[in-house]
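The values are calculated or read from the model by the stated rules, or taken from the named source; none is laboratory data. None of the values given here were measured: they were computed from a predicted structure. Glycine also receives a Cβ, built like all others from the backbone with ideal geometry; neighbour counts cover every protein chain displayed. Heads up: the accessible areas ignore ligands, DNA and RNA and are worked out on the full protein's heavy atoms, side chains in. Shrake-Rupley method; radii C 1.70, N 1.55, O 1.52, S 1.80 Å.
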Amino acid sequence: MASTLEKFIHSLDPRALPRVLQIQSGIYFQGSIYEMFGNECCLSTGEVIKVIGFKINKLIASICENNEDSQISAKVELPLNFPGLYKVVADKTPYLSIEEITRKFSIGPTRFGHPSFYCPEDIKLANLTIKHGEQITFSSVEEINGTMAVNCGVVRNNQSHSFTLPLSQEGKFYECEDDQIYTLKEIAEWKIPKSRNRIVKLSNALHVWDSSNPLPENFGGCLILTPVYEVKAVMKFRKDIVHILSDLDVEVKDITDYYDISSFLQPLSLEDVFERTSKEFPMVAEIMEGPHGSQKPYNLLCTGEEIIIYKKYQAKRVLTSEIRSDSPKRHFLIPMSYKGKFKRRPREFPTAYDLEIARSEKEQLHVVATKAFDSPHKELFSVSVGDQFLVQQCQTSEVLYEGRKKVVDVLACEQILSNTYKKVLLPMYMEGGFVEVIHDKKQYQLSEICKDFRLPFNVKVSVRDLSIGDDVLAAVPGLQLEEEITDSYLLVSSASRPGDSWEIPVYRLNMSVHLLGKDVQTVVPPATRTTVEEISEEQYYMVRRYENQTLYPPPRPPKKPA
């Protein structure tokens, strides 16, 4: 049965991809010429396309001046980066099964992918009864003993209770009120259920309003958000990927069950390539959609270019940020093969606890106080601005507290005086300010710093890497080497210019290829070019989150006695 492209995409479950569609009718009898991002395609009646993906491109917002039941005063188009923070209004229409919820909501590893629902009736499980009205949080979907189920949790008396619900579980499930606030982009990615609209309220007033703002001035009502999707598709006789907006006025018919889907080119993402077995490498591929941006070597990975993919592997990088007081900071991933040299720069420490963390056996930590601190105990030292200390070790000490002796954690230091040293004790909870005094003038390789010192570590480039044409790190006055990470890479070279190879990141490069099945003449890859990767703020936090999700957080510093 034919339907509009918009209706089909709004109801399409991403897990059902790819789908083969036949164009039934368009806005012209002879076909529709459509262009987006420079990709022009003709959607003529009878044309067959394979849909391989879709994502929200923009939002149509219906403006309600007071609440969601008010009359719609206007409709405006909002980009995903439109400013403001928004509260999500809970949907009043229930979902009738767990399967429907998993089909219409994005359930994933982050807090955005943990939707909450309640049921107006009790749900009796083998070892637990979920009471009516109790908030059920969905965390993940997995197969358990051959049955698909959702991992859920409820909180009772500040204790979390975990359980699973099968997708076949039926009942009325209502969305819980959400007290969090989100950007429009976060709402588009996580909070708009399939085939439903989403009502939101502006949480904060827009700081700057002008006549170009599509929302009314001092707007305090509701917005009913309807997504417009960008559809990625492959056409029968083209080697590139075309992008189509879902609100294009064409009708389509799903013919996947009656069509040989293998007759289309098979686009593979870098993740798809990485999942291939090691025995399948090396391989020759043609780029169907190259990455955006001018950063080398990604600007050489153009659509239509043939590349050789030699192998897949894990490689270490040092996550690094620019040192500056204002924002935004620049962020980098530096490979261990970086040949430049670094000199140390002073570190800053906000508490005595941070001094203990930074302390090393290799050298004594020398700091200057930048903030005064009056100790509430006569047994512990009061700090003045300009006091200098050599940090010794963490220990315990007795102090008199409300007439009773109490043991507290302290940091043993030596205060540097004009002609001598004085042993002092600083309370570990002390909130002060210290800056490091650097005596070391040596130049270090990156691998030496990672081996001999504890990160984070402040440096500046003293000798740039001459093998890199434009070493972006050399122009940055100060860098903080934050942590070592391990990431997934593919080693590639151009088939037409096989003199160099590059490491390309699997999870940060949006790129599609199809395999050509050609024999690779050179199994041994050419010399690998060192590449310092500059990453965005969003990528920086994603890298940190994935690297640290299995680590326990560091212990909290001791609290100051009341």
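Couple of notes before you dig in:
- Among (1) charged (D, E, K, R); (2) in a loop (DSSP other than H, G, I, E, B); (3) buried (at least 18 other Cβ atoms within 10 Å of the Cβ), the one test that Lys92 misses: (3)
- In the set (1) open to solvent by less than 60 Å² (accessible area, probe 1.4 Å); (2) farther than 16 Å from Ala474 by Cα; (3) under 28 Å from the mean Cα position of the chain (by Cα); (4) not hydroxyl-bearing (Ser, Thr, Tyr), Gly386 fails one condition alone, (3).
- Options Pro216, Pro227: the member that is in a strand (DSSP E or B) and either out of contact with any helix residue (DSSP H, G or I) (no Cβ under 8 Å at 6 or more places or on another chain) or surrounded by 13 or more Cβ atoms within 10 Å (Cβ to Cβ) (or both): Pro227
- Failed criterion for Val437 (all others in (1) touching a His at 6+ places or on another chain (Cβ under 7 Å); (2) more than 22 Å from Tyr353 (Cα to Cα); (3) among the hydrophobic types (A, V, I, L, M, F, W, C) hold): (2)
- Region 106-165 - residue that is over 24 Å from Tyr182 (Cα atoms) and in contact with a His (Cβ under 7 Å, 6 or more places away or on another chain) and, of those, modelled with the lowest pLDDT: Leu128
- Residue within region 421-434 that is open to solvent by 60 Å² or more (accessible area, probe 1.4 Å) and of a type in the set (A, V, I, L, M, F, W, C) present: no
- Yes/no for Gly304 being more than 20 Å from Met430 (Cα to Cα) and modelled with pLDDT under 90: yes
- The strands (runs of 3 or more DSSP E) found wholly in region 431-537 and carrying at least 1 residues that are under 30 Å from Ile241 (Cα atoms) and touching a Leu at 6+ places or on another chain (Cβ under 9 Å) occupy 479-494, 502-505, 512-515, 533-535.
- Looking across region 30-77 at every residue that is among the aromatic types (Phe, Trp, Tyr) and modelled with pLDDT under 90, the one that is surrounded by the most Cβ atoms within 10 Å (Cβ to Cβ) is identified as Tyr34.
- Selection count where residues are over 18 Å from Thr420 (Cα atoms) and buried (at least 17 other Cβ atoms within 10 Å of the Cβ), scope region 370-383: 3
- Flag: Tyr444 does not match the condition of being surrounded by 15 or more Cβ atoms within 10 Å (Cβ to Cβ), over 27 Å from Arg345 (Cβ atoms) and out of contact with any Gly (no Cβ under 7 Å at 6 or more places or on another chain).
- Test result for Pro83, open to solvent by 60 Å² or more (accessible area, probe 1.4 Å), of a type outside the set (D, E, K, R) and within 30 Å of Leu215 (Cβ to Cβ): yes
- Cross-chain or 6+ apart pairs with Cβ under 7 Å, region 10-21 first and closer than 19 Å to Met235 by Cα and open to solvent by 30 Å² or more (accessible area, probe 1.4 Å), then part of a helix (DSSP H, G or I) and hydroxyl-bearing (Ser, Thr, Tyr): Arg19/Thr256
- His132 falls short on exactly one of the conditions (1) loosely packed, with under 15 Cβ neighbours inside 10 Å; (2) under 15 Å from Pro83 (Cα atoms), and that condition is (2).
- Entry remark, region 341-357: residues being of a type outside the set (Lys, Arg) and open to solvent by 20 Å² or more (accessible area, probe 1.4 Å) number 8 in total.
- Test result for Glu361, open to solvent by 40 Å² or more (accessible area, probe 1.4 Å) and within 30 Å of Val424 (Cα to Cα): yes
- Number of the condition not met by Ile192 [criteria: (1) surrounded by 20 or more Cβ atoms within 10 Å (Cβ to Cβ); (2) modelled with pLDDT of 90 or more; (3) more than 21 Å from Phe8 (Cβ to Cβ)]: (3)
- If you go through region 237-271 and keep only what is closer than 11 Å to Lys50 by Cβ, touching an Asp or Glu at 6+ places or on another chain (Cβ under 8 Å) and part of a loop (DSSP other than H, G, I, E, B), you end up with just Pro267.
- Lone qualifier among Ser62, Ser116 - being in contact with a strand residue (DSSP E or B) (Cβ under 9 Å, 6 or more places away or on another chain), in contact (Cβ under 8 Å) with a residue 60 or more places away in the chain and farther than 30 Å from His243 by Cα: Ser116
- Some residue of region 99-111 being out of contact with any helix residue (DSSP H, G or I) (no Cβ under 6 Å at 6 or more places or on another chain) and assigned to a strand (DSSP E or B): no
- Sub-7 Å Cβ pairs linking a first residue in region 215-240 that is closer than 17 Å to Trp190 by Cα to a second residue that is among the acidic types (Asp, Glu), at least 6 apart or interchain, are Ile224/Glu68; Val228/Asp247, ordered by first then second residue.
- Checklist (1) out of contact with any Phe, Trp or Tyr (no Cβ under 6 Å at 6 or more places or on another chain); (2) under 30 Å from Ala474 (Cα atoms); (3) touching a residue at least 40 places away in the same chain (Cβ under 8 Å) applied to Lys253, failing item: (2)
- For Gly386, the stated conditions hold: it is touching a Ser or Thr at 6+ places or on another chain (Cβ under 9 Å) and not acidic (Asp, Glu).
- Contact annotation: residue pairs with Cβ atoms under 9 Å, 6 or more positions apart or on different chains, pairing a residue in region 526-544 that is of a type outside the set (A, V, I, L, M, F, W, C) with a partner that is surrounded by fewer than 12 Cβ atoms within 10 Å (Cβ to Cβ), are Pro526/Gly499; Glu537/Ser327; Glu537/Pro328.
- Residue satisfying all of: in region 401-420; surrounded by 10 or more Cβ atoms within 10 Å (Cβ to Cβ) and among the acidic types (Asp, Glu); nearest to Asp354 (Cα to Cα) among these: Asp409
- The set of residues in region 505-521 that are of a type in the set (D, E, K, R) and surrounded by 15 or more Cβ atoms within 10 Å (Cβ to Cβ) contains only Arg508.
- Tallying residues that are crowded, with 16+ Cβ neighbours inside 10 Å and of a type in the set (Gly, Ala, Ser) within region 522-538 yields 0.
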